[in-house]
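Accompanying notes for the structure given below.
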Amino acid sequence: LQSCQSLTELFQVVECFMARIFENSSGELYIYSSLRDVLDGRCEWNRDGAIQTHIHPDDCWALRRGRMTRFGRDEIGLTCEHVVDQPNQWNGQEYICIPIIAHGETIGLLHIRFSKETSLDAALFEETIMPFAVRCAEQISLAIANVKLHNELMDQSTKDALTGLWNRRHL
């Protein structure tokens, strides 16, 4: 992830490795749009259908609360709207939503849905799966922040700050 030079590359790496890391799950990665009014679906893994192109921040309990949210058999049954909007994909499966936070700013959402065949033991989930998913989200957030910072610095070094025109470094 840290070697990626563009967001497109980064999303391909996330898609590839999340499918391997969480074999018995499916999921999506959403990133805030430039206007910060919606989250754009950027990549997905192990899914049968297409990713939602946009979701609203208010549609997810994790984004509202600013921390990871779990929906499952032992949890309170508050489902996220972005999951309910996909009834053919969801089917009451357990899932977690993890806000992607970098440099103190929420930049996206990691959503992982576990298959019904996977019986999640509460202790196993709390001790291994949840901390590992949170670590994955942290690594993804740092990689996204690094790529965005790199792109911003490249723009600042090749464009005039006042006019926005290309400068001699660009040429």
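The values are calculated or read from the model by the stated rules, or taken from the named source; none is laboratory data. In this text, all values refer to a predicted model and were calculated from it rather than measured experimentally. Note: ideal-geometry Cβ built from the backbone for every residue, glycine included; neighbour counts use all protein chains shown. The accessibility values were calculated without ligands, DNA or RNA, using every heavy atom of the protein model including side chains. Shrake-Rupley method; radii C 1.70, N 1.55, O 1.52, S 1.80 Å.
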Protection proxy ranking of 136-148, 39-51, 2-14 - average other beta-carbon atoms within 10 Å, highest first: 136-148, 39-51, 2-14
Share of Cα-Cα pairs in the stretch 1-71 lying beyond 19 Å, as whole percent: 43 percent
Compute from the Cα atoms of the stretch 98-171 the Rg and the Dmax, the latter being the longest Cα-Cα distance, and quote both in angstrom. 19.6, 60
On a 0 to 90 degree scale, rounded to 10, what angle separates helix 130-158 from the longest Cα axis of the chain? 10 degrees
Length added when fully stretched, Glu105-Val38, from 0.36 nm per residue minus Cα-Cα: 22.6 nm
Suppose the chain between Arg169 and Asn151 were pulled fully straight at 0.36 nm per residue; how much longer would it get relative to their current alpha carbon spacing? 5.0 nm
Consider the candidate values (i) 138; (ii) 129; (iii) 110; state which one is volume of the Cα convex hull per residue in Å³ computed from the structure displayed. (ii)
Using unit Cβ charges (K, R positive; D, E negative) and no other charged atoms, how large, in debye to the nearest 20, is the dipole of the chain about its Cα centre? 520 debye
Which listed residue (Leu171, Met130, Ala19) has the Cα farthest towards the positive end of the charge dipole for the chain, taking +1 on Lys and Arg C-beta and -1 on Asp and Glu C-beta about the Cα centre? Leu171
Restricting to Cα pairs under 8 Å and 6 or more apart, the percent relative contact order of the chain works out to 21 percent
Does anyone have the angle between helix 7-21 and the longest principal axis of the chain? Alpha-carbon axes, 0 to 90°, nearest 10? 20 degrees
Given a 1.4 angstrom probe, what's the average accessible area per residue across the stretch 1-71, in square angstrom? 56 Å²
